[in-house]
Amino acid sequence: MSRPENAPPAEAPAPLSPTRYIDPIVLSRIENLELLARTVVEGFVQGLHRSPFLGFSVDFAEYRPYQPGDVLRSVDWNVFARLDRLVVKLFDGETNTHVNFLMDISGSMAYGSGPVSKIDYAKYLTASLVYFAHRQRDGVGLVTFDTEVAGHIRAGRRQGQLMSLLTTIDRAKASKETEFRKPLDYMAEFLKKRGIVVLVSDLYDDVANIVSAVKMLRAKGNDVIVFHVLDEYELEFPFQNMTEFEDLETTRRLNVIPGSLRREYLELIHGHIASLEAECAAVGADYALMNSSKPLDHGLFRYLAKRAKSKNL
């Protein structure tokens, strides 16, 4: 998406309820990324405990003995009735899975119609999910990429791992063009242990390139989750007057009369989204659209509901 030089000002955010900690504008005021991630996760987990879902991974994995402090709803009372023994259900996200995050830092991620750009939102989302996975005792890794792999931290739970991951995310800056084949092919070849791969990107590339890379990751037995981050203006194209757009990856500029292109643009962007969702589903990957103006929990709960429904839970 190109950056409009005379974009209308973003609307002021609506007042937040005391329990809503995850608005991106509020998060942008928190300078410490670890504190931000902890704030998001604690707020999200509070909501998660009030929802039908026990965690990101809704696939049952195994049991472990009940420990003081465990949530009683996680106890399998059927097992207790049969064996007179308290055990807790564990799900895949709680069994030391390897979770690798791939965060897009290409130039288009710098776009933002308001105070929070797509790369800001991607940082909040990735940092929060990294913190969440680490809290569940998973081995966590990270790749940042544009046309190449810019940085790579191997998945693990070494001392200082969480801080290394959060520091790398915090220092990431939007750079050049996007190209999915090389970075994702690299990950598909590098990953030896099956696990979860989480892609966070605005997905500005040919659908065929993206799906080809996702398909290779799936072929290695990985559970792939694609978070498609877009700005509200990219989704709605609300511009009215003659506007000069700048391509953030090539710096080319173009004067546009928005009214004459709005219908065609919306057809193209929503067609792109529909194709990505359908193609991801066809290869067994999860897809979730994230509007960077919306609170993180809005998209995350919607994704969990969709995932649970697809698994008939």
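Does the range 187-198 contain any residue that is under 30 Å from residue 293 (Cβ atoms), part of a helix (DSSP H, G or I) and not hydroxyl-bearing (Ser, Thr, Tyr)? Even if it seems obvious, please write down each step before you answer.
Filtering the range 187-198 down to residues under 30 Å from residue 293 (Cβ atoms) leaves 187, 196-198.
With the extra rule that they be part of a helix (DSSP H, G or I), the set shrinks to 187.
In the following step, the residues that additionally are not hydroxyl-bearing (Ser, Thr, Tyr) were identified as 187.
The answer is yes; a qualifying residue exists.
Against the conditions (1) more than 20 Å from residue 145 (Cβ to Cβ); (2) in contact with a strand residue (DSSP E or B) (Cβ under 7 Å, 6 or more places away or on another chain); (3) buried (at least 18 other Cβ atoms within 10 Å of the Cβ), where does residue 233 fall short? Just the number, please.
(2)
Which of the residues spanning the range 100-130 are of a type in the set (Asp, Glu) and assigned to a helix (DSSP H, G or I)? If you could, list the steps in order and put the result at the bottom.
Here is the first cut: in the range 100-130, the ones of a type in the set (Asp, Glu) are 104, 120.
Within the range 100-130, 120 is the sole residue that qualifies.
If a residue has to be touching a Gly at 6+ places or on another chain (Cβ under 9 Å), farther than 23 Å from residue 106 by Cβ and part of a helix (DSSP H, G or I) to count, how many in the range 145-170 make the cut?
The qualifying residues number 1.
Let's see how each residue does on (1) touching a His at 6+ places or on another chain (Cβ under 9 Å); (2) surrounded by 14 or more Cβ atoms within 10 Å (Cβ to Cβ); (3) touching a residue at least 60 places away in the same chain (Cβ under 8 Å):
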{"site": "139", "(1), (2), (3)": "yes, yes, no"}
{"site": "154", "(1), (2), (3)": "no, yes, no"}
{"site": "160", "(1), (2), (3)": "no, no, no"}
{"site": "163", "(1), (2), (3)": "no, no, yes"}
{"site": "174", "(1), (2), (3)": "no, yes, yes"}
{"site": "186", "(1), (2), (3)": "yes, yes, no"}
{"site": "196", "(1), (2), (3)": "yes, yes, yes"}
{"site": "202", "(1), (2), (3)": "yes, yes, yes"}
{"site": "207", "(1), (2), (3)": "yes, yes, yes"}
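Residues checked against (1) outside any helix (DSSP H, G or I); (2) at pLDDT below 95:
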residue	(1), (2)
221	yes, yes
229	yes, no
255	yes, yes
305	no, yes
309	no, yes
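The values are calculated or read from the model by the stated rules, or taken from the named source; none is laboratory data. Everything quoted here is computed from the prediction, not taken from an experiment. Positions of Cβ are backbone-derived with ideal geometry, glycine not excepted, and every protein chain shown enters the neighbour counts.
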